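What follows is one structure encoded as C-alpha coordinates, with my remarks underneath.
The values are calculated or read from the model by the stated rules, or taken from the named source; none is laboratory data. Treat the numbers as computed from the prediction; the structure is a model and nothing was measured. Cβ placement follows ideal geometry from the backbone for every residue including glycine, while neighbour counts extend to all protein chains displayed.
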Amino acid sequence: MNTGDDGFLKEKLKECGYKFTGQRAAILETMLQCSGQHVSTEEIFNIVKLKHPEIGLATVYRTMILLDKLGLVHKLDFDDGFSRYELVKPNEDHTHHHLICSSCGSVSEVEEDLLDSLEEEILKKNGFLVKDHRVQFYGLCSKCRNE
(Lines give C-alpha, C1' and ligand atoms only; values in the text may rest on other atoms or scores of the structure.)
Protein backbone atom coordinates (compact mmCIF):
# COMPACT_ATOMS: atom_id res chain seq x y z
CA MET A 1 0.00 0.00 0.00
CA ASN A 2 1.04 3.57 -0.53
CA THR A 3 2.01 4.67 2.96
CA GLY A 4 0.62 8.17 2.48
CA ASP A 5 -2.80 7.01 1.35
CA ASP A 6 -3.11 4.02 3.67
CA GLY A 7 -2.04 6.18 6.63
CA PHE A 8 -4.75 8.71 5.83
CA LEU A 9 -7.37 5.94 5.50
CA LYS A 10 -6.25 4.20 8.69
CA GLU A 11 -6.33 7.43 10.69
CA LYS A 12 -9.78 8.36 9.33
CA LEU A 13 -11.18 4.99 10.44
CA LYS A 14 -9.63 5.32 13.90
CA GLU A 15 -10.76 8.92 14.42
CA CYS A 16 -14.33 7.83 13.62
CA GLY A 17 -14.12 5.07 16.24
CA TYR A 18 -13.59 2.06 13.95
CA LYS A 19 -10.87 -0.55 14.19
CA PHE A 20 -8.39 -1.02 11.37
CA THR A 21 -8.83 -4.78 11.05
CA GLY A 22 -6.90 -7.09 8.75
CA GLN A 23 -9.99 -7.51 6.56
CA ARG A 24 -10.49 -3.75 6.25
CA ALA A 25 -6.79 -3.36 5.48
CA ALA A 26 -7.08 -5.95 2.68
CA ILE A 27 -10.11 -4.19 1.20
CA LEU A 28 -8.42 -0.77 1.40
CA GLU A 29 -5.28 -2.22 -0.17
CA THR A 30 -7.41 -3.48 -3.05
CA MET A 31 -9.06 -0.08 -3.42
CA LEU A 32 -5.62 1.54 -3.55
CA GLN A 33 -4.53 -0.96 -6.22
CA CYS A 34 -7.67 -0.10 -8.20
CA SER A 35 -7.17 3.65 -7.79
CA GLY A 36 -8.68 5.51 -10.72
CA GLN A 37 -11.01 2.62 -11.51
CA HIS A 38 -14.70 2.22 -10.76
CA VAL A 39 -15.02 -1.20 -9.13
CA SER A 40 -18.08 -3.07 -7.90
CA THR A 41 -18.27 -4.83 -4.56
CA GLU A 42 -18.10 -8.16 -6.35
CA GLU A 43 -14.94 -7.12 -8.22
CA ILE A 44 -13.35 -5.99 -4.94
CA PHE A 45 -14.33 -9.29 -3.32
CA ASN A 46 -12.83 -11.34 -6.17
CA ILE A 47 -9.51 -9.47 -5.90
CA VAL A 48 -9.33 -9.58 -2.08
CA LYS A 49 -10.25 -13.28 -2.04
CA LEU A 50 -7.09 -14.17 -4.00
CA LYS A 51 -4.88 -13.21 -1.04
CA HIS A 52 -7.46 -13.65 1.73
CA PRO A 53 -9.67 -16.65 0.89
CA GLU A 54 -11.29 -16.48 4.34
CA ILE A 55 -12.99 -13.14 3.63
CA GLY A 56 -16.71 -13.20 2.88
CA LEU A 57 -18.71 -11.19 0.38
CA ALA A 58 -20.89 -9.82 3.20
CA THR A 59 -17.78 -8.42 4.91
CA VAL A 60 -16.80 -6.61 1.72
CA TYR A 61 -20.34 -5.21 1.35
CA ARG A 62 -20.39 -3.99 4.96
CA THR A 63 -16.92 -2.47 4.64
CA MET A 64 -17.80 -0.62 1.43
CA ILE A 65 -20.95 0.79 3.06
CA LEU A 66 -18.84 1.93 6.02
CA LEU A 67 -16.15 3.50 3.82
CA ASP A 68 -18.85 5.36 1.87
CA LYS A 69 -20.47 6.56 5.11
CA LEU A 70 -17.09 7.85 6.32
CA GLY A 71 -16.45 9.64 3.01
CA LEU A 72 -13.41 7.51 2.14
CA VAL A 73 -14.96 6.21 -1.09
CA HIS A 74 -17.52 7.57 -3.52
CA LYS A 75 -20.40 5.26 -4.31
CA LEU A 76 -21.29 5.59 -7.98
CA ASP A 77 -24.32 4.46 -9.95
CA PHE A 78 -23.89 4.25 -13.71
CA ASP A 79 -27.37 2.78 -14.31
CA ASP A 80 -25.95 -0.69 -15.01
CA GLY A 81 -27.41 -2.43 -11.97
CA PHE A 82 -24.20 -2.30 -9.92
CA SER A 83 -22.91 0.11 -7.33
CA ARG A 84 -19.32 1.01 -8.08
CA TYR A 85 -16.75 2.63 -5.84
CA GLU A 86 -13.67 4.76 -6.15
CA LEU A 87 -11.35 6.10 -3.47
CA VAL A 88 -11.72 9.70 -2.41
CA LYS A 89 -8.50 11.61 -2.89
CA PRO A 90 -7.55 13.45 0.33
CA ASN A 91 -7.16 16.81 -1.45
CA GLU A 92 -10.27 16.45 -3.64
CA ASP A 93 -12.96 18.99 -2.79
CA HIS A 94 -15.43 17.96 -5.52
CA THR A 95 -16.33 14.74 -7.20
CA HIS A 96 -15.09 14.64 -10.77
CA HIS A 97 -17.43 14.10 -13.71
CA HIS A 98 -17.90 10.84 -15.59
CA LEU A 99 -18.38 10.12 -19.28
CA ILE A 100 -20.39 6.92 -19.78
CA CYS A 101 -20.64 5.29 -23.19
CA SER A 102 -24.18 4.03 -23.73
CA SER A 103 -22.93 1.57 -26.34
CA CYS A 104 -19.93 -0.25 -24.78
CA GLY A 105 -20.38 0.87 -21.16
CA SER A 106 -16.91 2.35 -20.78
CA VAL A 107 -16.49 4.99 -18.09
CA SER A 108 -13.91 7.76 -18.22
CA GLU A 109 -13.32 10.78 -16.04
CA VAL A 110 -13.28 14.50 -16.64
CA GLU A 111 -10.85 15.85 -14.05
CA GLU A 112 -11.64 19.52 -14.60
CA ASP A 113 -14.47 20.94 -12.52
CA LEU A 114 -16.70 22.29 -15.25
CA LEU A 115 -19.30 23.77 -12.93
CA ASP A 116 -17.40 26.39 -10.90
CA SER A 117 -19.12 29.33 -12.61
CA LEU A 118 -22.53 27.65 -12.26
CA GLU A 119 -21.93 27.14 -8.54
CA GLU A 120 -21.02 30.83 -8.18
CA GLU A 121 -24.21 31.81 -10.03
CA ILE A 122 -26.31 29.55 -7.78
CA LEU A 123 -24.75 31.19 -4.71
CA LYS A 124 -25.44 34.70 -6.05
CA LYS A 125 -29.00 34.07 -7.18
CA ASN A 126 -30.19 31.58 -4.57
CA GLY A 127 -27.89 32.06 -1.60
CA PHE A 128 -27.16 28.33 -1.80
CA LEU A 129 -23.57 27.22 -1.27
CA VAL A 130 -22.89 24.08 -3.29
CA LYS A 131 -20.51 21.79 -1.39
CA ASP A 132 -20.40 18.98 -3.94
CA HIS A 133 -22.09 17.70 -7.08
CA ARG A 134 -22.14 14.59 -9.21
CA VAL A 135 -22.41 14.81 -12.95
CA GLN A 136 -22.58 11.98 -15.44
CA PHE A 137 -22.62 12.48 -19.18
CA TYR A 138 -24.08 9.70 -21.35
CA GLY A 139 -23.19 9.34 -25.00
CA LEU A 140 -20.82 7.52 -27.32
CA CYS A 141 -17.09 7.19 -26.74
CA SER A 142 -14.73 7.88 -29.63
CA LYS A 143 -14.26 4.15 -30.30
CA CYS A 144 -18.02 3.50 -30.62
CA ARG A 145 -18.55 6.68 -32.66
CA ASN A 146 -15.97 5.45 -35.20
CA GLU A 147 -17.55 1.99 -35.58
Legend entry - Count of the stretch 94-112 residues which are surrounded by 12 or more Cβ atoms within 10 Å (Cβ to Cβ) and either at pLDDT 90 or above or charged (D, E, K, R) (or both): 1
Inset, instruction - May I ask you to list the residues in the stretch 42-73 that are closer than 19 Å to ARG134 by Cβ and without any contact (Cβ under 8 Å) to a residue 60 or more places away in the chain? - result: MET64, ILE65, LEU67, ASP68, LYS69, LEU70, GLY71, VAL73
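Show me the helices (runs of 4 or more DSSP H) found entirely inside the stretch 1-62 where at least 1 residues are under 22 Å from PHE82 (Cα atoms) and under 14 Å from the mean Cα position of the chain (by Cα).
Correct list: 22-33, 41-51.
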Legend entry - Among the candidates GLU86, GLU43, GLU29, residue that is crowded, with 16+ Cβ neighbours inside 10 Å and within 23 Å of ASP113 (Cα to Cα): GLU86
Inset, instruction - Name every residue in the stretch 118-146 that is surrounded by fewer than 11 Cβ atoms within 10 Å (Cβ to Cβ) and on the phi < 0 side of the Ramachandran plot, in order of residue number. - result: LYS124, LYS125, ASN126, PHE128, LEU129, LYS131, ASP132, SER142, ARG145, ASN146
Inset, instruction - Report, ordered by the first and then the second residue, all pairs with beta carbons closer than 8 Å, sequence separation of six or more or different chains, a first member in the stretch 1-28 that is under 21 Å from LYS49 (Cα atoms) and polar (S, T, N, Q), and a second member that is at pLDDT 75 or above and surrounded by fewer than 16 Cβ atoms within 10 Å (Cβ to Cβ). - result: ASN2/LEU32
Legend entry - Number of the condition not met by PHE78 [criteria: (1) surrounded by 11 or more Cβ atoms within 10 Å (Cβ to Cβ); (2) not assigned by TED's automatic domain parsing to the domain that holds ALA25]: (2)
Inset, instruction - Being in the same structural domain as HIS38 (by TED's automatic domain parsing) and either surrounded by fewer than 12 Cβ atoms within 10 Å (Cβ to Cβ) or at pLDDT 80 or above (or both) narrows it down to one of LEU115, LEU72, so name that one. - result: LEU72
